[in-house]
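The values are calculated or read from the model by the stated rules, or taken from the named source; none is laboratory data. Because the structure is a prediction, the values reported are computed rather than measured. Glycine also receives a Cβ, built like all others from the backbone with ideal geometry; neighbour counts cover every protein chain displayed.
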Amino acid sequence: MPDGIVLQALDEAVRAAVPSWLVPVFLGITRLGNVGVFLVAFAVDYWFVDRERGAHAIGVVVAGMAALTALKYVFAAPRPPASVNVVPTGGHSFPSGHAMGATVAYGTLAVDLDIGSDRLRYAAAAVLVGLVALSRVVLGVHFVRDVLAGVAFGVAFLLAAFALTGRDPRRGFLLAAGASAVALLVSEFSYDAVGLLGLALGAAAVWEAVEHSGTVERPLWRLALVGGVLPALAGLGYVAVVVEPSPAVVFACAVALGAGLIGPPAVVAAVRGESRPGLSSLRS
């Protein structure tokens with residue numbers, strides 16, 4: 001039996017195995033693979049928990065999304081037919097962006113967090129990645145081969161990213177900028193690549209400016225920061241990702257988004273005259 005027929009039968013078997021009443025559940029699960037979810041999670045980690053870990057994770061995720069963009073344009077594989085799509089979709093199919101993104105993001109968390117045992121963290125990450133990958137097949141927007149490749153590429157990227165960056169945020173942002181530049185060329189200046197490059201450059205520039213600045217110490221100011229900045233960042237993300245008015249505007253919004261993810265804690269601390277050594281100096 002030809003490989004194509006085997007893979008098609010596997011795709012159909014996966015979709016048939018999931019009862020219709022579970023499909024809305026997978027609509028929720030698939031959102032766990034959205035890049036916006038990753039950026040918000042790591043920004044909150046950076047703002048309130050561990051400055052270097054959160055910043056490094058943002059750089060790695062952006063770099064991973066840039067690598068994904070390049071891969072999609074290299075393979076340029078079509079999506080499953082519209083007749084099996086549960087949700088509208090577009091773009092290229094191979095590898096799965098949600099599967100690769102989830103592998104990079106949740107894999108980074110599993111490596112970086114110090115909660116529980118290594119085995120527990122890796123198991124939790126594997127479950128999340130598996131559910132996100134499965135959701136893409138169940139929703140009919142990816143083939144099984146796409147999600148398997150997404151996980152494999154994600155693991156390979158993680159190994160390379162941690163080897164190259166050594167958990168250093170500056171190197172993470174440089175990796176993001178370099179990967180985004182490659183994606184820009186491979187994709188012939190696609191909106192995704194333009195936005196990722198702007199995001200990487202904006203975050204890198206502000207990180208260099210505030211690396212040794214303080215962070216916000218008082219809970220009320222932290223809450224004010226979240227309440228004031230997150231809606232603005234969401235608006236920038238909406239314009240850059242959804243509206244896509246022009247490459248120049250997308251780039252400008254993405255630069256502002258990257259700067260907004262990294263800068264607010266140090267800015268508020270400076271306004272209040274607060275400071276404390278950065279985590280890098282505490283660990284040296």
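Pairs please, first residue from region 184-203 and within 19 Å of Ala256 (Cα to Cα), second anywhere and outside any helix (DSSP H, G or I) and hydroxyl-bearing (Ser, Thr, Tyr), Cβ atoms under 7 Å, 6+ apart in sequence or on different chains.
Short answer, once both residue conditions are applied: Ala193/Ser187.
Among the residues that make up region 51-69, is at least one of them modelled with pLDDT under 85 and of a type outside the set (Gly, Ala, Ser)? First the steps, then the outcome.
Of region 51-69, the ones modelled with pLDDT under 85 are 51-52.
This time we only want the ones that are of a type outside the set (Gly, Ala, Ser), so: 51-52.
So far as region 51-69 goes, yes, one or more of its residues are modelled with pLDDT under 85 and of a type outside the set (Gly, Ala, Ser).
Quick check, is Ala105 touching a residue at least 60 places away in the same chain (Cβ under 8 Å), within 23 Å of Val49 (Cα to Cα) and within 14 Å of the chain's Cα centre (by Cα)? I'd like the intermediate steps shown before the answer.
Working: touching a residue at least 60 places away in the same chain (Cβ under 8 Å): yes; within 23 Å of Val49 (Cα to Cα): yes; within 14 Å of the chain's Cα centre (by Cα): yes.
Judged against the criteria, Ala105 is a match.
Going through region 187-198 one residue at a time, which ones are in a helix (DSSP H, G or I) and either of a type in the set (Asp, Glu) or farther than 11 Å from Met65 by Cα (or both)?
Passing the criteria: Tyr191, Asp192, Val194, Gly198.
Pairs only if they're at least six apart or on different chains, beta carbon under 8 angstrom, first in region 42-69 and free of Cβ contacts under 8 Å to residues at least 12 places away in the same chain and surrounded by 23 or more Cβ atoms within 10 Å (Cβ to Cβ), second among the aliphatic types (A, V, I, L, M) and not in a loop (DSSP other than H, G, I, E, B); list them, first residue then second.
Nothing qualifies.
Given the residues Val111, Val151, which is the only one that is assigned to a helix (DSSP H, G or I) and modelled with pLDDT of 90 or more? Working first, answer last.
Numbers: Val111 fails: modelled with pLDDT of 90 or more.
Going through Val111, Val151 in turn, just one is assigned to a helix (DSSP H, G or I) and modelled with pLDDT of 90 or more: Val151.
Under 8 Å between Cβ atoms, at least 6 apart or on separate chains: pull out the pairs that start in region 149-165 with a residue that is aliphatic (A, V, I, L, M) and end on any residue that is surrounded by fewer than 21 Cβ atoms within 10 Å (Cβ to Cβ) and part of a helix (DSSP H, G or I).
Partner pairs satisfying both residue conditions: Leu158/Val111; Leu164/Arg171.
Search region 80-98 for residues being in contact (Cβ under 8 Å) with a residue 60 or more places away in the chain and in a loop (DSSP other than H, G, I, E, B), and hand back the single one that is nearest to the chain's Cα centre (by Cα). Outline the logic, then answer.
Step one: filter region 80-98 for residues in contact (Cβ under 8 Å) with a residue 60 or more places away in the chain, giving 80, 84, 86-87, 97-98.
Now restrict to residues that are in a loop (DSSP other than H, G, I, E, B): 80, 86-87.
Values: Pro80: 24, Val86: 23, Val87: 21 Å.
Selected residue: Val87.
Please give the number of the condition Arg119 fails out of (1) basic (Lys, Arg); (2) within 19 Å of Ala149 (Cα to Cα); (3) in a helix (DSSP H, G or I); (4) at pLDDT below 90.
That leaves (2) as the condition not met.
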